[in-house]
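K.L.:
Below you will find the structure I want to go over with you.
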Amino acid sequence: MFELIQTDKETKARRGRLTTAHGVIKTPIFMPVGTQGTVKTLHPDDLLDLGSQIILGNTYHLNLRPGLDVIRAAKGLHQFSTWDKPILTDSGGFQVWSLAKLRKISEEGVQFANHLDGSKMMLSPETSMEIQATLGSDIAMLFDECPPYPCEEKYAADSLALTTRWAKRCKEWHEENASKIVPWMTEPSLLGESPMPQPRQLAFGIVQGSSYAELREQSAKELIEIGFDGYAVGGISVGEPEHEMIRAIDNAVPHLPVDKPRYAMGLGTPPQMLEMIARGVDMFDCVMPTRVARHGLAFTEDGPIHIKNKEFEFDQRPLTEHTHPSVARFSRSYIRHLWRAKEMLALRLLSFHNLHFYLRLMQQSREAIEAGTFAEFKDTFIARYNSHKE
Ligand SMILES: CNc1nc2c(CC[C@H]3O[C@@H](OC)[C@H](OC)[C@@H]3O)c3nc(N)[nH]c(=O)c3cc2[nH]1
């Protein structure tokens, strides 16, 4: 399922291969976020052009809209969205806290008023895993509580204890039921291919414990005891300062098994991802590349640029010297014009460019780890990226 190919000598960076039902993923990897079954403004073929290996879907959103009946009728999220490579779905725990109203948490799960029409809904470990099995994702995340930042140690301890109890229920449900519901496990003819390289849906645990080192260690150990196919570090990128985010990784990753993937949830900037790779993180997801594109921001090796700035009015250069050819044909001057004219093509070009920047950074990281030059690559990239900070 996960093969550790090489570990860097100077840092804890690793090269790995994660085999899922819909394909093999080379790590370190960035996963574009497709919360509602689409990576905003991009066609699945764009994602293939960009070299995306896996995208994210989301339990809370897809269960709410279009709803499981629609997804079931389409025989799962791969068929519905026509993306037939790997999909990871998040469990919905985070959205309940970031989007829903009137949340009531209990041992059973979370009762909430959904953010669309305010009607009452319930998410529990069992219902979250059932939704993810119906979506048919290749990797399902356990249903957890993501504590707010900051929070008292007592709150963090009680919260991680709940997440551990929920993790047990997720694992039990998954072992008992997933193979009877996951579309590509119940109807292999859907893809008309030979038996899948990985014949079952994988399940990942999520380490919590907030900013308390001993709680992070406790959460990691309890999840390993239960046993998962991979381990995410949750409760990060929730408004904490960057040094707290890195400390959470330092407090969790050393306690995780070396032969399983590590996934840092919801982050981050290019320098943050390189710092995390150096600490042994293999997988990332972040809305940033596509979200900031919608605010007119383009990533470059010299740091982000705001395309609307006057300095680009006559700038005939492409966004960067390594921009994907389908975007490099356009000048900064033209893209600035599109942005200021509120032309939709601006959103598409900037999203495409930013995702390419992130995915290329991961490709460069994989190559640097293989060449034994990752430490130097990381330091050189970050120095140049930050050198233009005002
Ligand atoms: C942004 N910072 C951040 N994201 C986080 C997410 C994913 C949000 C999920 O929501 C969608 O993005 C908006 C994505 O889902 C497609 C993502 O996986 C988390 N998910 C869980 N289950 N537990 C966490 O502790 C957690 C912490 C996060 N911190």
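K.L.:
Residue by residue through the stretch 77-91, note down the ones that are more than 6 Å from the ligand (Cβ to nearest atom) and under 13 Å from the mean Cα position of the chain (by Cα).
P.N.:
Across the stretch 77-91, the qualifying residues are P86, I87, L88, T89.
K.L.:
Another question, then. Go through the residues of the stretch 13-29 one by one and say whether even a single one is under 23 Å from R279 (Cα atoms), assigned to a strand (DSSP E or B), touching a Phe, Trp or Tyr at 6+ places or on another chain (Cβ under 9 Å) and within 16 Å of the ligand (Cβ to nearest atom).
P.N.:
Yes - at least one qualifying residue is present in the stretch 13-29.
K.L.:
Taking the condition at pLDDT 95 or above, among the hydroxyl-bearing types (S, T, Y), in a helix (DSSP H, G or I) and under 30 Å from P271 (Cβ atoms), does S219 pass?
P.N.:
yes
K.L.:
Continuing with the same structure: If you take the residues of the stretch 53-73 that are away from the ligand (no atom under 14 Å from the Cβ) and surrounded by 17 or more Cβ atoms within 10 Å (Cβ to Cβ), which of them is farthest from R348 (Cα to Cα)?
P.N.:
Applying the filter and picking the extreme gives I71.
K.L.:
Filter the stretch 256-293 down to the residues that are more than 15 Å from the ligand (Cβ to nearest atom), of a type outside the set (D, E, K, R) and closer than 15 Å to K378 by Cβ and list them by number.
P.N.:
P270, P271, L274, I277, A278, G280
K.L.:
Mind listing just one residue for me: the one in the stretch 38-52 that is within 15 Å of the ligand (Cβ to nearest atom) and not small (G, A, S) and, of those, surrounded by the most Cβ atoms within 10 Å (Cβ to Cβ)?
P.N.:
Filtering first and then ranking leaves V39.
K.L.:
Does any residue in the stretch 179-200 that is at pLDDT 80 or above and β-branched (V, I, T) come within less than 7 Å, Cβ to Cβ, of a residue that is crowded, with 18+ Cβ neighbours inside 10 Å and not in a loop (DSSP other than H, G, I, E, B) six or more places away or on a different chain, and which pairs are these?
P.N.:
What qualifies is I181/E130; I181/A133; I181/T134; V182/A133.
K.L.:
Here is a further query. Can you give me the ranges of the helices (runs of 4 or more DSSP H) entirely in the stretch 35-139 with at least 1 residues that are under 20 Å from Y358 (Cβ atoms) and free of Cβ contacts under 8 Å to residues at least 40 places away in the same chain?
P.N.:
The helices (runs of 4 or more DSSP H) meeting that bar are 44-50.
K.L.:
When residues of the stretch 365-390 are filtered for being exposed (fewer than 12 other Cβ atoms within 10 Å of the Cβ) and modelled with pLDDT under 95, how many remain?
P.N.:
Result for the stretch 365-390: 3.
K.L.:
Out of the stretch 197-214, which residues are surrounded by fewer than 23 Cβ atoms within 10 Å (Cβ to Cβ) and either in contact with a Gly (Cβ under 6 Å, 6 or more places away or on another chain) or not hydrophobic (A, V, I, L, M, F, W, C) (or both)?
P.N.:
Residues satisfying the conditions are P197, Q198, P199, R200, S211, Y212, E214.
The values are calculated or read from the model by the stated rules, or taken from the named source; none is laboratory data. Every value quoted in this text rests on a predicted model; they were computed, and no experiment measured them. Quick reminder, even Gly has a Cβ in these numbers, built from the backbone with ideal geometry, and neighbours come from all protein chains shown.
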